[in-house]
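Data first, discussion second: the structure below is written as structure tokens.
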Amino acid sequence: MSAIFGVVRTDGALVSEREIGRMANTLAHRGPDGRHIAVHDGVGMGHCLMRVTQEDWHEAQPIRDGGITLVADIRLDNREALASALGIDDTALRDMPDSVILLAAYRHWGGECASHLLGDFTFAIWDSATRALTVARDHMGQRGLFYHHGDGFFAFASEAKALWAVEGVPRRLSEKAIGYRLLFPVDITPGATLYDGIAILPGGCLLVLTGDGSCEMRTYWEPQAAPEHIGRDETYYIEAYRRVLGEAVACRLRRLTRPPALLFSGGFDSGGIAALAAPVVVAQGRQLIALCSALAEDAPPPVRDSRAAAEAFRRYPHIDLRYFVRGDETPFSDIEATFAATEDSAGTAYVRRGLYRMASSAGARLVLDGTGGDVTLNVRAGAMLGRFLLRGRVITFAREVRARRRVTGRSLRHVIREDVLPALIPLWLSAAIRSYRRRGVPMWRTRAINAAFAQRLFDDGTINPKRLIVPAPAYHRWQARWLDFLRKMAWGEPLETILAASEGLTYSRPYQDRRVVELSLAIPEALQFRCGNERYLARQALADVLPERLLRSGPGNVSEGPDMYRALRDSVPAALAAVQTLDQDSRLSRYIDFAKVMESIAPLNAAVDRPEEISRLNLRALHRASRTIALARFIAWFDDSNR
């Protein structure tokens, strides 16, 4: 994963070459193949190079050409189409890096060139003729661009920590962001980060800084159905599923310089990527390194495990299947190292760090992930049976209830409770039931937040206490809910991208490719659930390339951390006690109510390893407790590192 960074002065002062050099040093892990900077005319820009594709061997950034300076972290998927539109012949295109094609696109379309690009990218272009800086981020925000718009200057970088190399960029946490992480509000602020004065450019947006120091942000794309996919028949959608997803996978694997890796569970999301990767990796004479988090082979599984599903792919010669098995690590092991790598409070990603290290050790520089399949092509259609009733499709309802019972083995009562009622109960009644179960206690009081801190956030309008994410979301607002997920994915910080980059990897999600998103939003509801099962289109489109075991599988996903319950149960109490010792001068308890955290994990005292006992525990509260403890550790770590 390459990196870009820079500073533009709008007050007439010069940019310090030493300052730009410090930014480069901060991002050195993303530049194993070279780091270069260009400083001139009140502008300093730099690039850290990680070669992933053959085109990357010809990269030489920053590019300075006729008054334009350009830096980009980019993988272009529509090189040929752009070359045709821009008059670039095939001979020149063969060895032309993506950044040079981007430069030609900017000269042709100006800042609107972003809407003509396909792929994962961020870029920054300084045009001395107009005295304007244009920065942009790819459609679904797979790569990141953080920035600070200060008094007389503008700084940007692929990771937030590089901005602190620039004098004048504040290094302090945002109390609003802390409140968000404790309360989980429905409404988030696009571009917000954990830090005061630092924003992230939302996916699908570009920002233009003019010579007078003013900024204008524009949206060039947002999640939507492509017109060519709307109103087609089932045969079309089955063909389009395979074609479009296959293209998204192939584009990421084309002309790689090293073997690719995949975070793998053996389910429809990662399994679809693995199956469709075959023609490309076989043609390259390589294998796809499939990394699966699973229990040890001799472990008695208290929960569903990915190993059996992953092993169904063992017969595929193009797949090199490997396992990550947790030893004595816990979600809190070496957590400060994760903070230092990501500069974010999501420090409990020890499984992901283990998988990324395995990929890097295997020689990969690209790791693919099936994240996003659940809200695009492979939606988990919870309560679809109730949706059929709401639509008045009684015959379909009766047929699908029988099929649901047959494929899941569930009782009629269970099917009605889980797959029908959630879609039929009005939102107001759901809210009333939840309030009754809480004995009328406001939802925010069930969260581990200091009451005075919460009240301050409510009083100043930062967070609406009536708009908090509920423990059991309603499923009957189908496409609106998926759109909301997709927008929030595009707006957010690319934490997995940054974590993977810390291990020397480029990270990408084919299911969040623009082409995949635009197809998925055109697929009719009737094709999301059929024959009693979700993932109907996947079962049809990939029937000849997926294992029979997967095609016959029922609903549900397997956890990436199959023994996460034990890991949390065994580590959370000690981690809570340890973090409370860091509460010097109430720097943590001013935000966090540790008594509530203790109350939420009280059932752990009675926990045992029997599955029937585990299922009775409030696992959601346990996960929330672990996130709260991680946040507290992060606040203390950040405070200490500032001293």
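The values are calculated or read from the model by the stated rules, or taken from the named source; none is laboratory data. The model shown is predicted, which means the values in this text are computed figures rather than measured ones. Please note: Cβ atoms are built from the backbone with ideal geometry, for glycine as well, and neighbour counts cover all protein chains shown. The area values use the complete protein model at the heavy-atom level, side chains included, leaving out ligands, DNA and RNA. Shrake-Rupley method; radii C 1.70, N 1.55, O 1.52, S 1.80 Å.
For the reader, a short list of remarks on this structure follows.
- Figure legend. Inter-residue proximity from the stretch 1-18: first residues surrounded by 15 or more Cβ atoms within 10 Å (Cβ to Cβ), second residues of a type in the set (Lys, Arg), beta-carbon distance below 8 Å, spacing 6+ or different chains. Indicated pairs: Met1/Arg30; Met1/Arg143; Ser2/Arg30; Ala3/Arg30; Val15/Arg9.
- Just one of the numbered conditions (1) in a helix (DSSP H, G or I); (2) of a type in the set (A, V, I, L, M, F, W, C); (3) open to solvent by 20 Å² or more (accessible area, probe 1.4 Å); (4) over 20 Å from Leu102 (Cβ atoms) is not true of Trp57: (4).
- Residue in the stretch 126-165 that is modelled with the lowest pLDDT, counting only those that are surrounded by fewer than 24 Cβ atoms within 10 Å (Cβ to Cβ) and of a type in the set (Val, Ile, Thr): Thr130
- Residue match in the stretch 191-199 (condition: surrounded by fewer than 17 Cβ atoms within 10 Å (Cβ to Cβ) and modelled with pLDDT of 95 or more): yes
- Residue list for the stretch 492-538, restricted to those being closer than 19 Å to Gly370 by Cα and touching a Pro at 6+ places or on another chain (Cβ under 7 Å): Val516, Val517, Leu521, Glu534
- Every residue from the stretch 200-247 that is open to solvent by 40 Å² or more (accessible area, probe 1.4 Å) and in a strand (DSSP E or B): Cys215, Glu216, Met217, Arg218, Thr219
- Residues (surrounded by fewer than 24 Cβ atoms within 10 Å (Cβ to Cβ) and either in a loop (DSSP other than H, G, I, E, B) or touching a Gly at 6+ places or on another chain (Cβ under 7 Å) (or both)) located in the stretch 506-532: Leu521, Ala522, Ile523, Pro524, Gln528, Cys531, Gly532
Residues are listed down the side, and each one gets a yes or a no for (1) closer than 17 Å to Arg314 by Cβ; (2) touching a Leu at 6+ places or on another chain (Cβ under 8 Å); (3) buried (at least 18 other Cβ atoms within 10 Å of the Cβ); (4) hydroxyl-bearing (Ser, Thr, Tyr):
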residue	(1), (2), (3), (4)
Arg252	no, yes, yes, no
Pro260	no, yes, yes, no
Ser265	yes, no, yes, yes
Phe268	no, yes, yes, no
Gly271	yes, yes, yes, no
Leu276	no, yes, yes, no
Val282	yes, no, no, no
Ser293	yes, yes, yes, yes
Asp298	no, no, no, no
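- Residue among Val407, Val470, Val441 that alone is part of a loop (DSSP other than H, G, I, E, B) and touching a residue at least 24 places away in the same chain (Cβ under 8 Å): Val470
- With respect to (1) open to solvent by 10 Å² or more (accessible area, probe 1.4 Å); (2) farther than 23 Å from Ala114 by Cα, the lone exception for Asp65 is condition (2).
- Residue within the stretch 561-584 that is under 18 Å from Arg137 (Cβ atoms) and either modelled with pLDDT of 90 or more or not hydrophobic (A, V, I, L, M, F, W, C) (or both) present: no
- Listing of helices (runs of 4 or more DSSP H) fully contained in the stretch 78-190 that carry 2 or more residues being among the hydroxyl-bearing types (Ser, Thr, Tyr) and farther than 30 Å from Phe339 by Cα: 98-109
- Qualifying residues in the stretch 330-344 (those that are closer than 11 Å to Trp637 by Cβ and part of a helix (DSSP H, G or I)) - the one most open to solvent (accessible area, probe 1.4 Å): Glu336
This table checks each residue for (1) open to solvent by 10 Å² or more (accessible area, probe 1.4 Å); (2) touching a Phe, Trp or Tyr at 6+ places or on another chain (Cβ under 7 Å); (3) within 29 Å of Leu295 (Cβ to Cβ).
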site: Leu355; (1), (2), (3): no, yes, yes
site: Asn378; (1), (2), (3): no, yes, yes
site: Leu389; (1), (2), (3): yes, yes, no
site: Phe397; (1), (2), (3): yes, yes, no
site: His414; (1), (2), (3): yes, no, yes
site: Val420; (1), (2), (3): no, no, no
site: Ile425; (1), (2), (3): yes, no, no
site: Ser435; (1), (2), (3): yes, no, no
site: Arg447; (1), (2), (3): no, no, no
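- Checking each residue of the stretch 555-562 against the condition of being within 26 Å of the chain's Cα centre (by Cα), of a type in the set (A, V, I, L, M), in a loop (DSSP other than H, G, I, E, B) and on the phi < 0 side of the Ramachandran plot gives at least one match.
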